[in-house]
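First the structure, in the form of structure tokens, and then the observations on it.
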Amino acid sequence: MAAPNRGRRPAGAQGKPGRALALILIAMVALTGGMFWAGQLTPRLGIDLAGGTTITLEAKNQPGQENAVNETNMNTAVGIIERRVNGLGVSEAEVQTQGNSHIIVNIPKGTNSEQAREQVGTTAQLFFRPVLTVAAGGPAAPEPSPSASAGGAPKDDKDKETATPPSGSPSGTPSPSATTQGRAVTEGLKAPAATPSPSASTSGSPKASESPKPGESPVPTPSADPATAALEKQFTTLDCTDDKVRGTLGDNVKPTEPAVACGKNGAGEWEKYILGPAEVNGKDVDDAKGQLDQQRGMWIVTMDFTEAGAKKFQKITSRLSQQQPPMNQFAIVLDGEVVSAPQVNQTLSASAEITGNFDQDSAQNLGNILSYGALPLSFEEDSVTTVTAALGGEQLKAGLIAGAIGLALVIIYLVVYYRGLSLIALLSLAVSAILTYTIMTLLGPAIGFALNLPAVCGAIVAIGITADSFIVYFERIRDEIREGRTLRPAVERAWPRARRTVLVSDFVSFLAAAVLFVVTVGKVQGFAFTLGLTTLLDVVVVFFFTKPVMTLMARRKFFASGHPWSGLDPKRLGAKPPLRRSRRTTAPTTDPKEA
């Protein structure tokens, strides 16, 4: 007969539980230290808890593009809008699609919501158009006398931006000095602009012999073209101070046709423009940004163009640099509004910088528009919802109260039913809470995770999931005690079967959370993410804390002796008599009859 294997441990035994406890302690210390190192001691809160603005945009087909609203264009639009909003320094903003034709933009509190709405709502394509004339933004005043100066002339050139090569680049041909024109130049609307020869007049500009004298305005020749006459009339009656009028200027305007537009000058006053056909669009801009020029002590906007865009930009600036103001300006037009109209003093190519009366906000805002101005679709604001910080605080308070009630009910159940074992369960819940809190806090600056109300609900549900894992293990131990085993072997024998059940249960919960996260959008993803995270942490806590602590507690007399308040009293559990191994030997037969 083989000798018994006395050195073999029961299945599932853990020889050194202290190692597992040390590992999880190190993890908690490291995560807590990471919070202090990152300077982030509380989780980031979502819009519904911290307050902010939610903007819903509805995609619209552009004229002549009936199938523009598709998944590819919507995803492209999401990326551009997200970069545009984040270009304001709003790294916490959330931009995502909802359904087939809507985009949801969540902007947290602490952000200039009006500026963000302008960035988000400005969804038409970006174009560079030559300026043919500019005037004051109100309706035209009575016709001035020939000796009067143009009413629409800029008051001071210091309010105008200027496009130049980057610092250190070779200079081009300087523009001639001339006075500003304040009236429409009819000839500039009749034909596409062409590069002028030295002996010919520039498209839209008067001949050299007909140049206006200082202080005079050129009188346009009456146009026989009905379309041109209608454009001139629209320009004359245009009132850029009217919000409703400005909002319709970009509708149904083709890039290949001239247009009227409104924009603000450096003094913040509305001006109106007649603009030529677009010659460069936003897709030709490779990169743009507003930055501080340390040498000159001023804010500037730098632009870099694509290879194709550089050729187009060189062509237009070569022509504009030889024009008289205001026709040496190109207008940057977005949604039918002129966001900037810098003057061109020299031929530019692949790179340029715009200088003028910029401050940090205006320079960065213009750079942001130039970088992310080309959207494949047009959008309209479907709804705008603002949640105040006070309302968000009330919702957070309600969520925390719900969580506290749920936790209190779980604690009451554990104490009443499991008595001493509830101490191990509560310690495990505390460890799970610490890990969950620190990881959520660190995920804020790491990946932009924001704790919203559904995420709080996910954390509340996780309390029950975590407690369920402890209950499975405890019940397995109690089943072993009912079979007549003492506590230490019961703890080790119960672990393999409890471990299998816990893993299967958590796998199902994690799979459900993963599927929910993938197929949903918006705030429901917060619930799914939190549920999946807490499910993974449940496995970590059960393996590296609950089981080792249970192994250590089984060596204590209070639990090992089956104290009535330990939750492991054999009498209360209806245990069978202790299992004993007995050896019986067969005595030799001495009965002579049997012999």
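Tabulated data
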item: Burial ranking of peptide ranges 262-269, 431-438 (average Cβ count within 10 Å, highest at the top); result: 431-438, 262-269
item: For segment 462-534: rounded, prolate or oblate by the Cα gyration tensor [a/c cutoff 1.5]; result: prolate
item: Percent RCO, i.e. relative contact order, over segment 264-314, from Cα pairs under 8 Å lying at least 6 residues apart; result: 32
item: Sequence of Leu231, Leu23, Leu426 once ranked by neighbouring C-beta atoms within 10 Å, starting from the fewest; result: Leu23, Leu426, Leu231
item: Where labels lie 7 Å past Cα in the beta-carbon direction, separation of Val540 and Leu427 in nm; result: 1.9
item: Length gained when the stretch Asn357-Glu483 is fully extended (0.36 nm per residue, less Cα-Cα span); result: 36.7 nm
item: Packing-based order for 41-50, 69-78, using average beta carbon neighbours within 10 Å, highest first; result: 41-50, 69-78
item: Förster radius 30 Å - calculated FRET efficiency between Leu552 and Val415 (Cβ-Cβ, nearest 0.05); result: 0.90
item: Cα-Cα over 31 Å, subset of Lys60/Lys397; Lys233/Lys289; Lys264/Lys315; result: Lys60/Lys397; Lys233/Lys289
item: Sorted peptide list for 397-406, 492-501, criterion being average Cβ within 10 angstrom, highest first; result: 492-501, 397-406
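Every number here is computed from the coordinates shown, using simple stated rules; none is lab data. These figures come from a predicted structure and were not determined experimentally. Every residue, glycine among them, receives a Cβ derived from its backbone with ideal geometry; neighbour counts consider all protein chains shown.
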